[in-house]
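> Take a look at the following structure, please.
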Amino acid sequence: MSMLYADEEAYSIAADRAAAELAALDPLTVAAAKGAEFDPAAGVFRFALLGEAVEVTFPAGKVTCPSQRPVTGASTVLALHYLVYSGEPLRSEGWLAYRDLPAARHFAAWFEHAVEKRIADAFACNPAGLDAPAASLGGVPSDTGDRSFEIPALPRVPLLLVLWGDTDEVGGSCSVLFRPTAPTYLHTEDLAVLGVLLAQRVSG
């Protein structure tokens with residue numbers, strides 16, 4: 001089922017499947033592997049998704065936000081998939097473009113348009129405008145481009161957001177980069193959705 005173009009009904013189906021998978025797992029093992037907190041008394045996982053605290057009940061797999069902010073279908077599925085997915089890290093170092101992730105070629109052009117171009121369009125004319133929204137997601141400034149931030153998108157999935165501003169010769173651009181360990185924790189398609197949520201959070 002494609003998560004990139006799914007409607008809310010499709011997200012609901014995907015969430016139900018992931019919740020059923022979660023119910024079959026040992027919650028303490030999951031929490032340790034994913035860097036999440038598990039409260040046995042409350043029966044709930046707690047972790048942050050792009051700067052927003054989320055809670056996932058166990059074994060029901062209901063995803064909520066303690067701040068009472070509505071949780072979208074995409075966020076619900078990402079939170080559940082993060083807890084249940086188990087993949088393999090890449091044998092590489094540093095930061096990778098989305099197109100370098102496993103089986104990413106089908107979504108790479110879409111990712112560049114929906115994520116990187118959206119952020120560049122919003123901030124290339126004023127790179128300093130990215131500072132506040134990146135900080136709100138827990139972003140830590142880096143030293144690449146005109147502006148860059150390492151953002152803890154999930155406990156074990158950081159993203160590096162790099163922005164180059166407009167110049168007299170060329171327009172600005174943006175890159176959203178991943179650690180080689182990212183495929184351990186989310187499928188490549190889910191990582192694209194994570195990028196979309198990042199673009200939505202920083203650009204409004």
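The values are calculated or read from the model by the stated rules, or taken from the named source; none is laboratory data. Keep in mind it's a predicted model, so treat the numbers as computed, not measured. Note that each Cβ is placed from the backbone with ideal geometry, even for glycine, and that neighbours are counted across all protein chains shown.
> Looking at residue 118, is it of a type in the set (Lys, Arg) and surrounded by fewer than 17 Cβ atoms within 10 Å (Cβ to Cβ)?
On the way: of a type in the set (Lys, Arg): yes; surrounded by fewer than 17 Cβ atoms within 10 Å (Cβ to Cβ): no.
Against the criterion (of a type in the set (Lys, Arg) and surrounded by fewer than 17 Cβ atoms within 10 Å (Cβ to Cβ)), residue 118 does not qualify.
> When you scan the range 91-101, how many residues do you find that are within 21 Å of residue 142 (Cα to Cα) and either part of a loop (DSSP other than H, G, I, E, B) or in contact with a Cys (Cβ under 8 Å, 6 or more places away or on another chain) (or both)?
First, pick out the residues of the range 91-101 that are within 21 Å of residue 142 (Cα to Cα): 92-98.
Okay, now just the ones that are also either part of a loop (DSSP other than H, G, I, E, B) or in contact with a Cys (Cβ under 8 Å, 6 or more places away or on another chain) (or both), so 92-95.
The qualifying residues number 4.
> Taking the criterion of being at pLDDT 95 or above and in contact with a Gly (Cβ under 6 Å, 6 or more places away or on another chain), would at least one residue in the range 65-78 satisfy it?
Within the range 65-78, none of the residues are at pLDDT 95 or above and in contact with a Gly (Cβ under 6 Å, 6 or more places away or on another chain).
> Got a sec? Which of 83, 96 is of a type in the set (A, V, I, L, M), in contact with a strand residue (DSSP E or B) (Cβ under 6 Å, 6 or more places away or on another chain) and closer than 21 Å to residue 179 by Cβ?
96
> Return yes when residue 138 is of a type in the set (Gly, Ala, Ser), farther than 13 Å from residue 119 by Cα and outside any helix (DSSP H, G or I) and no when it is not.
For residue 138, the condition - of a type in the set (Gly, Ala, Ser), farther than 13 Å from residue 119 by Cα and outside any helix (DSSP H, G or I) - is met.
> Any residue at all in the range 45-53 that is exposed (fewer than 13 other Cβ atoms within 10 Å of the Cβ), in contact (Cβ under 8 Å) with a residue 12 or more places away in the chain and over 15 Å from the mean Cα position of the chain (by Cα)?
no
> Residues being over 28 Å from residue 55 (Cα atoms) and surrounded by 15 or more Cβ atoms within 10 Å (Cβ to Cβ): count how many of those fall in the range 81-97.
Residues flagged as over 28 Å from residue 55 (Cα atoms) and surrounded by 15 or more Cβ atoms within 10 Å (Cβ to Cβ) within the range 81-97 amount to 4.
> Turning to a different aspect of this structure: Since residue 107 meets every condition but one in (1) assigned by TED's automatic domain parsing to the domain that holds residue 150; (2) at pLDDT below 95; (3) within 22 Å of residue 204 (Cβ to Cβ), which condition does it not meet?
Checking residue 107 against (1) assigned by TED's automatic domain parsing to the domain that holds residue 150; (2) at pLDDT below 95; (3) within 22 Å of residue 204 (Cβ to Cβ), the one that fails is (3).
> While we're here: Just checking, which of 38, 47 is modelled with pLDDT of 95 or more, among the aromatic types (Phe, Trp, Tyr), under 27 Å from residue 199 (Cβ atoms) and not assigned by TED's automatic domain parsing to the domain that holds residue 176? If you could, list the steps in order and put the result at the bottom.
Details: 38 fails: under 27 Å from residue 199 (Cβ atoms).
Residue meeting the stated conditions: 47.
> Tell me, please, whether a residue that is touching a helix residue (DSSP H, G or I) at 6+ places or on another chain (Cβ under 7 Å) and outside any strand (DSSP E or B) can be found in the range 146-153. Write out each step before concluding.
So the first thing to find is which residues in the range 146-153 are touching a helix residue (DSSP H, G or I) at 6+ places or on another chain (Cβ under 7 Å), and the list is 146-147, 149, 151, 153.
Those still in the list that are outside any strand (DSSP E or B) too: 146.
Yes, because at least one residue in the range 146-153 is touching a helix residue (DSSP H, G or I) at 6+ places or on another chain (Cβ under 7 Å) and outside any strand (DSSP E or B).
> List pairs: first in the range 126-139 and free of Cβ contacts under 8 Å to residues at least 60 places away in the same chain, second crowded, with 17+ Cβ neighbours inside 10 Å and acidic (Asp, Glu), Cβ under 7 Å, 6+ apart or cross-chain?
139/150
> Please enumerate the residues belonging to the range 154-204 that are in a helix (DSSP H, G or I) and closer than 13 Å to residue 85 by Cβ. Break it down stepwise before answering.
Initially, the range 154-204 is screened for residues in a helix (DSSP H, G or I), giving 182-185, 188-203.
Within the range 154-204, 182, 183, 184, 185, 188, 189, 190, 191, 193, 194 qualify.
> Just checking, which of 104, 120 is assigned to a helix (DSSP H, G or I) and either under 17 Å from residue 176 (Cβ atoms) or free of Cβ contacts under 8 Å to residues at least 40 places away in the same chain (or both)?
The match here is 120.
> Somewhere in the range 55-73, is a residue surrounded by 15 or more Cβ atoms within 10 Å (Cβ to Cβ), of a type outside the set (S, T, N, Q) and closer than 20 Å to residue 151 by Cβ?
yes
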